[in-house]
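Peer 1: Following this message is one structure expressed as structure tokens.
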Amino acid sequence: MNKYAIVIPAMLAGLLSTGAFAEPGEYWEVTSRTEMPGMPMAMPATTVKICVPKGGASDPRKTSTDRACQMTDIRTAGNKTSWKVRCERSGEVTTGSGEQTTTADGYHGKMRFSSKAGGRDINMSSVYSGKRIGGSCETK
């Protein structure tokens with residue numbers, strides 16, 4: 001199995017979950033589906049329950065715990081947010097971009113990543129959506 005079939009979905013889970021901020025939060029349910037051209041099988045969608053700081057659903061820095069990834073060029077216009085991301089693990093660099101549209105009780109978006117492994121280009125994309133499910137929590 002291609003190591004990116006395991007590493008990249010884990011990276012996306014980190015990008016779409018919180019935990020690095022000590023703020024009051026609320027629970028959200030996030031579903032994501034990742035696609036990689038050339039994979040012998042489709043990866044199944046995953047759904048996780050996360051604690052997001054109140055008002056933080058439109059800020060990718062507040063919905064990511066992946067310390068290997070840095071968000072830059074974050075731009076918000078109305079309810080649309082876009083950003084660039086750069087992740088470095090074990091000397092390998094992955095770059096990408098994301099965009100999402102946020103409403104009062106949800107959001108949906110897409111992220112695209114590319115990297116090189118063994119001289120080969122690796123490209124993938126992920127579509128995701130989140131919905132507020134309520135309940136108080138404390139982000140860590």
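Each reported figure results from applying straightforward, stated rules to the coordinates on display, with no laboratory input. Just so it is clear, the structure is predicted and the values come from calculations on it, not from any experiment. Here the Cβ positions follow ideal geometry from the backbone for every residue, glycine too, while neighbour counts run over all protein chains shown.
Peer 1: Going out from 0 in 10 Å bins, what whole percent of all Cα-Cα distances in segment 32-140 drops into each bin?
Peer 2: Going from the shortest bin to the longest, the percentages are 13, 41, 35, 11, 1.
Peer 1: Still on this structure, I have one more. Taking the Cβ-Cβ separation of residue 136 and residue 104 as r and a Förster radius of 22 Å, what is the calculated FRET efficiency to the nearest 0.05?
Peer 2: 0.80
Peer 1: Taking the Cβ of each residue in 50, 133, 74 as the centre, tally the other Cβ atoms inside 10 Å and list the residues starting with the fewest.
Peer 2: If I rank by nearby Cβ atoms, fewest first, I get 133, 74, 50.
Peer 1: Here's something else I'd like to know. Using only the alpha carbons of segment 22-87, determine the length spanned along each of the three principal axes and report them from longest to shortest in whole angstroms.
Peer 2: The principal-axis extents, from largest down, are 41, 27, 26 Å.
Peer 1: Go ahead and collect, in residue order, the members of segment 109-140 whose backbone nitrogen is under 18 Å from a label point 7 Å along the Cα-Cβ direction of residue 27.
Peer 2: 130-140
Peer 1: Continuing with this model, one more query. Any idea how far apart residue 42 and residue 68 come out in nm if each label point goes 7 Å out from Cα toward Cβ?
Peer 2: About 2.7 nm, to one decimal.
Peer 1: To continue, here is another question. List the trypsin sites (Lys or Arg not before Pro) within segment 57-136 that DSSP assigns to loop and that have no more than 11 neighbouring Cβ atoms inside 10 Å.
Peer 2: 67
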